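*Asks:* Got a structure for you, questions after.
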Amino acid sequence: RESLWMSIVNSADNNKMVWASNKAHSTQKAAEKDALEQCKDEGNKNCKVMASYSNICLSSGIGARNGTYFDIFGVGANKAGANKDVIAQCQSKGGRNCKTVMEGLCATACDMENETGCILPKPEVITP
């Protein structure tokens with residue numbers, strides 16, 4: 001199956017937000033453009049790509065450590081796997097009250113764990 005891409009971006013104008021592609025795209029460039037446009041549509045001027053990824057799902061979450069909250073990302077072959085990885089990553093970094101904030105944004109053409117015959121190219125995560 002073909003590789004699909006998604007991107008996530010943030011902005012120094014609003015460090016509390018992350019924007020993602022609306023859907024999985026056939027190219028990395030199209031996914032980045034989609035996410036950047038969403039960020040700019042919210043009035044931000046300093047939008048930058050945090051990561052682009054292919055053939056994998058990504059979730060984000062938060063946890064608390066020493067009274068301070070921190071952001072965390074998790075990946076998986078499907079949404080459930082990415083959500084589970086967020087909690088595991090948070091706990092491995094000493095986080096408490098770990099929770100998923102943005103559930104499994106998948107850049108996959110099929111579900112490798114649950115769909116018979118689903119074979120995807122090797123997952124890629126590209127950070128600038």
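The values are calculated or read from the model by the stated rules, or taken from the named source; none is laboratory data. If you're wondering where the values come from, they're calculated on a predicted model, not measured in any experiment. Note: ideal-geometry Cβ built from the backbone for every residue, glycine included; neighbour counts use all protein chains shown. Surface accessibility is based on the protein's heavy atoms, side chains included, excluding ligands, DNA and RNA. Shrake-Rupley method; radii C 1.70, N 1.55, O 1.52, S 1.80 Å.
*Asks:* Just checking, does the range 21-31 include any residue being at pLDDT 90 or above, of a type outside the set (V, I, T), under 11 Å from the mean Cα position of the chain (by Cα) and open to solvent by less than 20 Å² (accessible area, probe 1.4 Å)?
*Replies:* yes
*Asks:* Kindly establish whether A51 is surrounded by 12 or more Cβ atoms within 10 Å (Cβ to Cβ), of a type in the set (A, V, I, L, M) and assigned to a helix (DSSP H, G or I). Outline the logic, then answer.
*Replies:* Details: surrounded by 12 or more Cβ atoms within 10 Å (Cβ to Cβ): yes; of a type in the set (A, V, I, L, M): yes; assigned to a helix (DSSP H, G or I): no.
Judged against the criteria, A51 is not a match.
*Asks:* Let me ask you something else. Which members of the range 62-88 meet the condition of being under 19 Å from C110 (Cβ atoms) and in a loop (DSSP other than H, G, I, E, B)?
*Replies:* A77, N78
*Asks:* For the range 94-119, which residues satisfy the criterion of being in a loop (DSSP other than H, G, I, E, B), among the aliphatic types (A, V, I, L, M) and modelled with pLDDT of 90 or more? Lay out the reasoning, then the answer.
*Replies:* From the range 94-119, those in a loop (DSSP other than H, G, I, E, B) are 94-95, 107-119; that's our starting set.
Filter once more, so that each one left must be among the aliphatic types (A, V, I, L, M): 107, 109, 112, 119.
Passing the criteria: A107, A109.
*Asks:* Among the residues of the range 94-122, which ones are among the charged types (D, E, K, R) and either surrounded by fewer than 12 Cβ atoms within 10 Å (Cβ to Cβ) or more than 30 Å from F70 (Cβ to Cβ) (or both)?
*Replies:* Within the range 94-122, the subset among the charged types (D, E, K, R) is 96, 99, 103, 111, 113, 115, 122.
Residues satisfying the conditions are R96, E113, E115, K122.
*Asks:* Related question: All but one of (1) assigned to a strand (DSSP E or B); (2) surrounded by fewer than 16 Cβ atoms within 10 Å (Cβ to Cβ); (3) of a type in the set (S, T, N, Q) hold for Q91; state the number of the condition that does not hold.
*Replies:* Condition (1) is where Q91 drops out.
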